[in-house]
Each structure stands twice: as C-alpha cells, then as structure tokens.
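Take a look at the structure set out below.
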Amino acid sequence: MTIDPRIAIIGGGPGGLMLARLLHLRGLAPVVFERDADADARPQGGSLDLHSDTGQHAMRAAGLEDAFRTHARPEDQGDRLYDADGTLLFDRDGAGDDRPEIDRSALRRILLESVPPGMVRWNSGVEAIRLGDAGHMVVSAAGAEAFDVVVGADGGWSQVRALLGDARPRYEGAVFVELGFDTRRHPQVDALVGAGKMFAVGDNRALIGQRNGNGHIRGYAGWRIDEADARALGAMPPEAMRAAALAEFEGWSPVLRDMIVSGDPLGVRPLYALPIGHRWASVAGVTLLGDAAHLMSPFAGEGVNLALADAVDLAAALTSGAGWPAVARYEAAMIARAVPAAQAAARGMAAVLSGAGAAPMLDHYRARLGG
C-alpha cells in the first residue's frame, strides 16, 4: 500500500459508512460506492441495539457518541416471552442494560452526515472488480477507476467476497414475513410488545414484535420451510403472504394471530448465514467487513455491532503504516471475534424456532438473569 492509499468501500451500510468516517478523520478520502439512488431510496429495516464494547465503542471512536445518544432509546431494552396460547412467561423491562436501541435509518443518517458531501457515490452499483496493472484493483461502476484497496462492505451476498473464495451463504431453513404496525392504529400490538421486544414461540414457529422509534413496531412471523418454498413465498402478493402466514399459525391464540391479520406486510426475509468461522487466504488489496465476512442469523443481535467494530479495527490497520500485514492481522482477529457471535446466533435461532415450544427461550432468558 502507498502512504495514502486510494480506498474503495463497496456498500454504504453502517459498516462501510463507519469505515469512511474513521478514514476521513485520519485524513484519507475513500470512495463509497452505493447502489441506492439516494439515502431514502428504500426502507432501512428495524431497530438495532448497540453494545458497549463494539457498536458504542465505534461511535465513540468516530466522535459520534453524542449524536447516537440523541437518537438512541435506552427505554426500549425490555424482553417479553409468550407461548402459543398467549400466556406471558417472562417480562423484563431491561432497565439498567447498556444496549440502547436505535433505528437503523437514524444510525445511517448519523453516519452519512459525518462524511463530506460526495464521499458516497449514490446510484453506483459496481459492475465488476478486477486486478489491474501495478497491483491496483480496478472498480467498474460508472466508468473504471484504480484503487489500492477495495473493501467489501456489501453484505451477505458480497460481490467483493467472490474475489477471495467461493463461500456463499447457506439457507438456514426458516423464513420470516415482515409486518409493520403503527402504535396509534394497533394499540393491541403496542400492549403485547411492551418496553422493547416480544417473542411468542411454539412448534418451530415464532411471532416477534420489536419496538422502533416514532410510534412504529416491526413484526415478524417466522417458521421453518424449504428454501424453494421460501422463495415462492417471497414472490407472492402481500395478501397471499398474509394468508400463508395465518395458515402456519392456525390454532395459536387469537390475540397473537391478530398481529398477522392487522399488520402491513412489508416483505419476506429468508434467513441465510455464512459457515461459522468463514476465512480466506489474505489477498493484498482486497478485504471484507461486516456481513460480507461473517453473515449470521439475527438472533444474537451482533451483526451491526460486529460491522462497526470491524470498521474501527480496519481503519487502524489501513492507517498503521505497517502495510498489508496489518490488514491480514485485522482479518484474523475479525474472524476470531465473529465465531462466538455466530455460534450464539445459531443457538438463538434454534431456541426461537424450536420443536420444544417456549422452554428453550425461557431457559435462555433465565440464564441471562443468572438463575
């Protein structure tokens, strides 16, 4: 690498933007290639909880802690658990926890406003990446440009990862229909969710409600299903999605089923994950962060936290003056950090979608309380 390497970041999600911010603070001017037309081109998803030693640490390192605190919701850290009959088995308000929630859209806006105008190139889907002359990587979007370093922050189906190996995400055997609620129009869902998020689980099925900001709640109806059927579900019109979900939750409490009846269908989310411990032989000029490196199911709450922590460590490696060996060390540490998180995510999914009903989730919550 040169002293001031020319760096391309593929993907303008939280991890890519955090890396851009940190490099900007160090005097570099990376280019962020983002396929979206603008910041409001599509919904950004639900709420995220940032952990002290990873996500919050990154916000502090980026000088964005005050902005984060302004938009964070520490009051929304609670947990509730119901069984399929609607019996409340566990209820904790989460007061005193240090994992405050923030809407993904708010986090992205904070990060976007922290980098100079023009650093993010909107409507710039990358068509190809190849090795060029003199060891440079050539990125083709609206034209071809040479870079010293290309960082894949482009998610689970990363185009950049394909330069480092043939690993692809594997289907996790489950799908979730996403639902939207407004607390003013859906007071019954508001009451079910409580101060944070709720799970209702039983017989390899789950209903989830997650409190977001501005009076919104995200809901998810999930069950185990073959991949081909999950893809077919995603191609259905919204009311057909709703009908399919209702059929899966036949016999559940009417109060719980009403979440499916009354929610606005927003989409279908099949779950995929990379193999736990996914690694590659380091290749000078190309590296990964976040889901591109360690995609996992969402049931450990670690995805965005790992991506932000990856950005902190990668920015330090790229500006250390120690050349590519520093990036190779970053990759090894990043992979090692992701392994226990991915293992926890796999355990979490097994507990949420369990043939043993609510017992595994109840055990999980009790274990967190130390009893």
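Any chance you could count how many residues in the range 120-138 are in a helix (DSSP H, G or I) and either at positive phi or modelled with pLDDT of 90 or more (or both)?
As a first pass, look at the range 120-138 and keep what is in a helix (DSSP H, G or I): 133-135.
Next, only the ones that are either at positive phi or modelled with pLDDT of 90 or more (or both) stay: 134-135.
Selection size over the range 120-138: 2.
Any chance the range 19-40 includes a residue that's among the acidic types (Asp, Glu), surrounded by fewer than 20 Cβ atoms within 10 Å (Cβ to Cβ) and modelled with pLDDT of 95 or more? So that I can check it myself, show each step before the final result.
First pass over the range 19-40, keeping only residues among the acidic types (Asp, Glu): 34, 36, 38, 40.
Filter again for surrounded by fewer than 20 Cβ atoms within 10 Å (Cβ to Cβ), leaving 36, 38, 40.
Right, trim to modelled with pLDDT of 95 or more and you get none.
So far as the range 19-40 goes, no, none of its residues is among the acidic types (Asp, Glu), surrounded by fewer than 20 Cβ atoms within 10 Å (Cβ to Cβ) and modelled with pLDDT of 95 or more.
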How do the pairs read when you match residues in the range 81-107 that are at negative phi and without any contact (Cβ under 8 Å) to a residue 40 or more places away in the chain with residues anywhere that are crowded, with 19+ Cβ neighbours inside 10 Å and in a loop (DSSP other than H, G, I, E, B), using Cβ under 7 Å and keeping only pairs 6 or more apart or on different chains?
Asp97/Gln77
Boolean, Arg42 is out of contact with any Ser or Thr (no Cβ under 6 Å at 6 or more places or on another chain) and of a type in the set (Lys, Arg)
yes
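Considering only residues that are within 30 Å of Met137 (Cα to Cα) and not small (Gly, Ala, Ser), look in the range 41-53 and name the one that is surrounded by the fewest Cβ atoms within 10 Å (Cβ to Cβ).
Of all residues in the range 41-53, those within 30 Å of Met137 (Cα to Cα) come to 41-42, 44.
After this cut, where a residue has to be not small (Gly, Ala, Ser) as well, the list is 42, 44.
On the way: Arg42: 9, Gln44: 18.
Here the answer is Arg42.
If the requirement is being assigned to a helix (DSSP H, G or I), touching a residue at least 24 places away in the same chain (Cβ under 8 Å) and over 26 Å from Gly135 (Cα atoms), which of these qualifies: Leu271, Leu256, Leu266? Steps first, please.
Working: Leu271 fails: assigned to a helix (DSSP H, G or I); Leu266 fails: assigned to a helix (DSSP H, G or I).
Within the list Leu271, Leu256, Leu266, the selection yields Leu256.
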Residue by residue through the range 136-184, note down the ones that are over 22 Å from the mean Cα position of the chain (by Cα), in contact (Cβ under 8 Å) with a residue 60 or more places away in the chain and over 18 Å from Gly290 (Cβ atoms).
His136, Met137, Val139, Ala141, Glu145, Ala146, Phe147, Asp148
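Which residues, counting only those in the range 221-233, are small (Gly, Ala, Ser) and over 21 Å from Phe181 (Cβ atoms)? Don't jump to the end; show me each part of the working.
Of the range 221-233, the ones small (Gly, Ala, Ser) are 221-222, 228, 230, 232.
Ala228, Ala230, Ala232 - these are the residues of the range 221-233 that are small (Gly, Ala, Ser) and over 21 Å from Phe181 (Cβ atoms).
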Wholly within the range 276-371, helices (runs of 4 or more DSSP H) carrying at least 1 residues that are at pLDDT below 95, surrounded by fewer than 16 Cβ atoms within 10 Å (Cβ to Cβ) and of a type in the set (A, V, I, L, M):
359-368
Of the residues in the range 139-170, those that are assigned to a loop (DSSP other than H, G, I, E, B) and either at pLDDT below 95 or not hydrophobic (A, V, I, L, M, F, W, C) (or both) number 11
Looking at (1) assigned by TED's automatic domain parsing to the domain that holds Leu289; (2) in contact with a His (Cβ under 9 Å, 6 or more places away or on another chain), can you tell me which one Thr183 breaks?
(1)
Identify all residues within the range 78-111 that are among the hydroxyl-bearing types (Ser, Thr, Tyr) and either out of contact with any strand residue (DSSP E or B) (no Cβ under 6 Å at 6 or more places or on another chain) or surrounded by fewer than 20 Cβ atoms within 10 Å (Cβ to Cβ) (or both); write none if there are none.
Thr87, Ser105
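In the range 55-77, what residues are under 15 Å from Ser105 (Cα atoms) and either aliphatic (A, V, I, L, M) or surrounded by 15 or more Cβ atoms within 10 Å (Cβ to Cβ) (or both)? Show your work before the answer.
Restricting attention to the range 55-77, the residues satisfying the condition of being under 15 Å from Ser105 (Cα atoms) are 67-73.
Once the filter is applied, which keeps residues that are under 15 Å from Ser105 (Cα atoms) and either aliphatic (A, V, I, L, M) or surrounded by 15 or more Cβ atoms within 10 Å (Cβ to Cβ) (or both), the range 55-77 yields Ala67, Phe68, His71, Ala72, Arg73.
The values are calculated or read from the model by the stated rules, or taken from the named source; none is laboratory data. A quick note: this is a predicted structure, and the numbers were derived from the prediction, not measured. Reconstructed Cβ throughout: ideal geometry from the backbone, glycine too, with neighbour counts over all protein chains shown.
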